[in-house]
1. Only one of (1) basic (Lys, Arg); (2) under 19 Å from Gly112 (Cα atoms); (3) surrounded by fewer than 17 Cβ atoms within 10 Å (Cβ to Cβ) fails for Arg38. Which number is that?
2. Checking the condition farther than 18 Å from Val2 by Cα and touching a residue at least 40 places away in the same chain (Cβ under 8 Å), which residue from Gly16, Gly26 passes?
3. Write out, first by first residue and then by second, each pair whose Cβ atoms fall under 7 Å of each other, whose residues are 6+ apart or on separate chains, and whose first residue, in segment 103-121, is of a type in the set (A, V, I, L, M, F, W, C) while the second is assigned to a loop (DSSP other than H, G, I, E, B).
4. Right, Arg45: within 18 Å of Gln113 (Cα to Cα), of a type outside the set (Gly, Ala, Ser), surrounded by fewer than 16 Cβ atoms within 10 Å (Cβ to Cβ) and within 14 Å of the chain's Cα centre (by Cα) or not?
5. Identify, by number, the condition in (1) acidic (Asp, Glu); (2) without any contact (Cβ under 8 Å) to a residue 12 or more places away in the chain; (3) open to solvent by less than 30 Å² (accessible area, probe 1.4 Å) that Asp61 doesn't meet.
6. Which residues, counting only those in segment 90-121, are outside any strand (DSSP E or B) and more than 17 Å from Ser21 (Cβ to Cβ)?
7. Since Ile53 meets every condition but one in (1) more than 17 Å from Leu20 (Cα to Cα); (2) open to solvent by less than 70 Å² (accessible area, probe 1.4 Å); (3) hydrophobic (A, V, I, L, M, F, W, C), which condition does it not meet?
8. Would you check which residues across segment 9-32 are within 17 Å of the chain's Cα centre (by Cα), surrounded by 13 or more Cβ atoms within 10 Å (Cβ to Cβ) and more than 14 Å from Asp83 (Cα to Cα) and list them?
Amino acid sequence: QVQLVESGGGLVQPGGSLRLSCVAFGTIFSINDMAWFRQAPGKQRELVAHILIDSHTNYADSVKGRFTVSRDNAKNTVYLQMDSLQPEDTAVYYCYASLRTMPHHENVPFWGQGTQVTVSS
């Protein structure tokens, strides 16, 4: 059994910063790619940031220059540093990981439960 747990969400003022963390628990052999998605009320879930096993990254245009995704493979953790936050960033942020629980097994996707980020005065 694998569980992804996000933390670090909360309420911040416009221009503020937050750092989200996502830790993968359970029997894990290796983690391939990891990502952050977000979903605002009434909208579809969208990709925010993606980080590959070699640490190459990809960002949504709306967050480029403001958000930074990173990972600590030794801790099975992915981070999302969020700077210059705007009200439009308000959403539930979900952690995603594709991982293997045993050698030579297929990579399978897992999702976190989500953490609320609210940007408001």
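The values are calculated or read from the model by the stated rules, or taken from the named source; none is laboratory data. This one's a predicted model, so the numbers in the text were calculated from it and none came from an experiment. Virtual Cβ from ideal backbone geometry, glycine too; neighbours counted across all protein chains shown. Just the protein is used for accessible areas: all its heavy atoms, side chains included, with ligands, DNA and RNA removed. Shrake-Rupley method; radii C 1.70, N 1.55, O 1.52, S 1.80 Å.
1. Checking Arg38 against (1) basic (Lys, Arg); (2) under 19 Å from Gly112 (Cα atoms); (3) surrounded by fewer than 17 Cβ atoms within 10 Å (Cβ to Cβ), the one that fails is (3).
2. Working: Gly26 fails: farther than 18 Å from Val2 by Cα.
None of the other options fit; the residue is Gly16.
3. Once the first residue is of a type in the set (A, V, I, L, M, F, W, C) and sits in segment 103-121, its partners that are assigned to a loop (DSSP other than H, G, I, E, B) give Val117/Gly9; Val117/Thr90; Val119/Pro14; Val119/Leu85; Val119/Gln86; Val119/Thr90.
4. Here the answer is yes, as Arg45 does meet what is asked.
5. With respect to (1) acidic (Asp, Glu); (2) without any contact (Cβ under 8 Å) to a residue 12 or more places away in the chain; (3) open to solvent by less than 30 Å² (accessible area, probe 1.4 Å), Asp61 is out only on (3).
6. Selection gives Thr90, Thr101, Met102, Pro103, His104, His105, Glu106, Asn107, Ser120, Ser121.
7. (2)
8. Residues satisfying the conditions are Ser21, Cys22, Val23, Ala24, Ile31, Asn32.
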